[in-house]
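Reading through the structure tokens given below for one structure.
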Amino acid sequence: MIELKDVSYTYPSTVQPALHRISLSLTKGRCIMVTGPSGAGKTSLCLAASGVLHHDYGGKKEGSVIVDGKNVADYRSLSDLARNVGVVFDDPEAQMIFTTVEEEILSALEHRGLTPEVIEDRLARIMRTTYLEELKDRSPHHLSGGQKQRVALAATLALGNDILILDEPTSELDEHATKRIAEILKNLKQSGKTILLIEHKFENFREIVDTLIIMENGAITAQGIPDEVLKDIHVRGMVLPDFSNVQKHPMAGAGNEPVIQVENLTHCYGDVQALSGINLTIRKGEFVAIVGENGSGKTTLVKHFNRLLSPTSGDVIVNGKNTKDHSIAALAHDAGLVFQNPDHMFFADTVREEVAYGVKNLAIADADTVIDATLADAGLTDSATLYPRWLSRGERQRLGIACVVAMQPNVIVLDEPTTGLDGYEALLVINILKKLQEKGHTIVIITHNRDIAEHCADRIITMESGHIISDSGGA
Amino acid sequence: MAEILQYVHKDAFLHRLHPFTKIAFILVVSVMCLISTNLAFLVLMVLAMMVFAAYGELLTESLQQLKLIIIMSIIFILITVITMPNGDILGYLVPQGIPWIGGLVPITTGGLMIGFVLTLRFIVLIFAFQLFLISTQPRDLVHTLDRAGLPIDYTLMFIIALRFIPTLQIEGQRIHEAQLARGFNPGEGFIGKIRSVAPIVIPLVSNALLRSNVIGLTIDMRGYRTGKKTHVRERTFARRDYAVMAVLVVALCGFVPLMLAQVI
């Protein structure tokens, strides 16, 4: 169905090829999963296989891409190609253009030259396969990331083509939502669809993957049946990272003074109670993981640590300061927050300036030394003069951490620090955090990744609908 | 968060109207309120809009912009009072008792009058457009404008611009929070304020550009621009549409002679 022969590609205005002599063949009803470090060219591969590179991008192309027996160059346009290939991108928000779920899917169906009866029939079927029936009248602003991604998948299925290309469809999703997507893909594969999947979460898709491809630096470095490919130790570490060697310090906080005390914290957004009666003490030097489904209140809780949110009732005391009596800027010395999407913070022209921003804001002494040391710890010394948005996702994630770490807050809170990273990149992030812990910082991470929580954190706090339901540290 | 100008899914009177009827409604209402300078007539129009909203079960939603309306009204009236003094003096913005500057900026009947007219026009227009936007599903608009021969690109541009307002709001807020956590300083003085905008605006625009690329690809791959169209569940002109059209015609017929006689 899709065949790439010796495909190389260089984006306009760059020198380094994004794809280097890629050859792969995807036959009908099969599923190929492509994985590898961020910045390895996975998205470029996805764009190449769907013909987007050929029709929309320019740049230097070599080799040939055959879709459904026809070279992509011979298709008239992208829309023409889209009759054969459907693509789901990683940004769920951008793929929902209309105002309700049903409208979105219906609109996609209306541009296929089908009869009204076929449209209604297909609409019902697609709603069923993607479990969207109950959400049909919801607007995009009332859908979770996972639900939106299902809508994007449904609208793509509406096109009725047999080949599906998915570019990290679950990167922004939690475990539950990922399982849903995996289940849908499994059913689709059974019904004969051909799937090219770019993913990091191999475990979730193990059942449906026929061929596993590893990409590094724009080239395919391993390709074959998953079990065979995974025999290689290097590949194993990337796809199925093993965090069990990470050093834990179970007694790290014992006897230390508390740095965060949450007392009877309740927070309401309008009528919705997001946190109810939270009590929590985190001691200096602890490494804490907060786990729980989306919407359980994890992010709401940590936003209280530096007063991005104020308690509706109750108190949050950070480093002995009641957050009620201090400004956000003053609390930045005590608790630093690294948000899930690092792209929400980058605005400077170079990596170094980006890190310097927070340091200058807090007027930290000996700024240059601090910045250099932080960049070195984050493994970004060589990238110091680059434009932050040119970095790979893994590097951007580390830069996001560096920006906050350079401000030397006592407590460093990270929301999903390993999103979209392969095993090695995730381990790199964890090791950076471990080093910070050894230096005396207190680390709190929010994570969907059970493995990371269990193997790396000294204490696991589980939240559910605004409550802490379990706390392994139980202090 | 109140979602500005977003379609509200309901099955009420205004929702059931054909988009074409609603466009005609906006046109007639706009023309009438822009020509008229009669306060009583404009107040009547505002009331009519509210009745329409209530009948269409959208009163709460349309009153969401009340704060904006009140602020804009005050600004309008202040501007006209300051810049267009005319007629009898009713009092002074700066009370006469204050030495030196007392008695500056007279409040005149003419200035107030123009201020009120502008404000009422503004309210009528906001109401009318808002009622149209929150009661019309973009898909119906696509159908109607497609039939009217408007290129689909313009329609898509319009609905995407509206659709992503709340998305940008949320994104802007997230960026603001991320920068606050880095000790973001809102800046002092005019230049400082402008400089301090960079850490918010640059990520917002960069991310939006990145996103627009995905939106563009999505539109192309779903064939919205070139695919062969089948319109399903299309709104048809019903009796209620003819009724509204008739009301609009009657209103215009009544309006024109009154306008020519310079009554309103």
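Given the residues A:Thr27, A:Thr43, which is the only one that is under 22 Å from the mean Cα position of the chain (by Cα) and either modelled with pLDDT of 90 or more or among the aliphatic types (A, V, I, L, M) (or both)?
The unique qualifying residue is A:Thr43.
Return the residue satisfying two criteria in turn: it lies in segment A:319-358 and is assigned to a strand (DSSP E or B) and surrounded by fewer than 21 Cβ atoms within 10 Å (Cβ to Cβ), and of such residues it is farthest from the other protein chains (Cβ to nearest Cβ).
Selected residue: A:Asn322.
Considering only segment A:92-122, state which residues are open to solvent by 10 Å² or more (accessible area, probe 1.4 Å) and more than 8 Å from every other protein chain (Cβ to nearest Cβ).
A:Pro92, A:Glu102, A:Glu117, A:Val118, A:Asp121, A:Arg122
On the basis of being facing another protein chain (nearest Cβ under 10 Å) and either within 17 Å of the chain's Cα centre (by Cα) or assigned to a helix (DSSP H, G or I) (or both), does B:Val142 make the cut?
In short, yes.
Just to be sure before I move on: is A:Ser276 open to solvent by 10 Å² or more (accessible area, probe 1.4 Å) and among the small types (Gly, Ala, Ser) in the structure I sent?
Yes; evaluated as a whole, the condition is true for this residue.
Pick from segment B:93-139 the residues that are touching a strand residue (DSSP E or B) at 6+ places or on another chain (Cβ under 8 Å) and hydrophobic (A, V, I, L, M, F, W, C): which of them is nearest to the other protein chains (Cβ to nearest Cβ)?
B:Leu93
List the number of the failed condition for B:Ile191; all other conditions in (1) at pLDDT 90 or above; (2) out of contact with any Leu (no Cβ under 9 Å at 6 or more places or on another chain) hold.
Condition not satisfied by B:Ile191: (1).
Within segment B:179-202, can one find any residue that is at the interface with another protein chain (Cβ under 9 Å from one of its Cβ atoms), touching a Lys or Arg at 6+ places or on another chain (Cβ under 8 Å), under 30 Å from A:Val52 (Cα atoms) and not acidic (Asp, Glu)?
No.
Kindly indicate which of B:Glu234, B:Glu177 is part of a helix (DSSP H, G or I) and either in the same structural domain as B:Leu120 (by TED's automatic domain parsing) or of a type in the set (Asp, Glu) (or both).
The conditions single out B:Glu177.
Within segment B:160-178, can you find the residues that are at the interface with chain A (Cβ under 7 Å from one of its Cβ atoms) and either hydrophobic (A, V, I, L, M, F, W, C) or surrounded by fewer than 16 Cβ atoms within 10 Å (Cβ to Cβ) (or both)?
Hits for segment B:160-178 are B:Ile160, B:Ile175, B:Ala178.
Can you find, within segment A:244-261, the residue that is most open to solvent (accessible area, probe 1.4 Å) among those that are touching a Gly at 6+ places or on another chain (Cβ under 7 Å) and in contact (Cβ under 8 Å) with a residue 40 or more places away in the chain?
Only one residue tops the list, namely A:Ala252.
The values are calculated or read from the model by the stated rules, or taken from the named source; none is laboratory data. Bear in mind the structure is a predicted one, so any value in this text is a computation, not a measurement. Backbone-built Cβ (ideal geometry, glycine too); neighbour counts: all protein chains shown. Ligands, DNA and RNA are stripped out before the accessible areas are found, and what is left, the full protein with its side chains, is counted by its heavy atoms. Shrake-Rupley method; radii C 1.70, N 1.55, O 1.52, S 1.80 Å.
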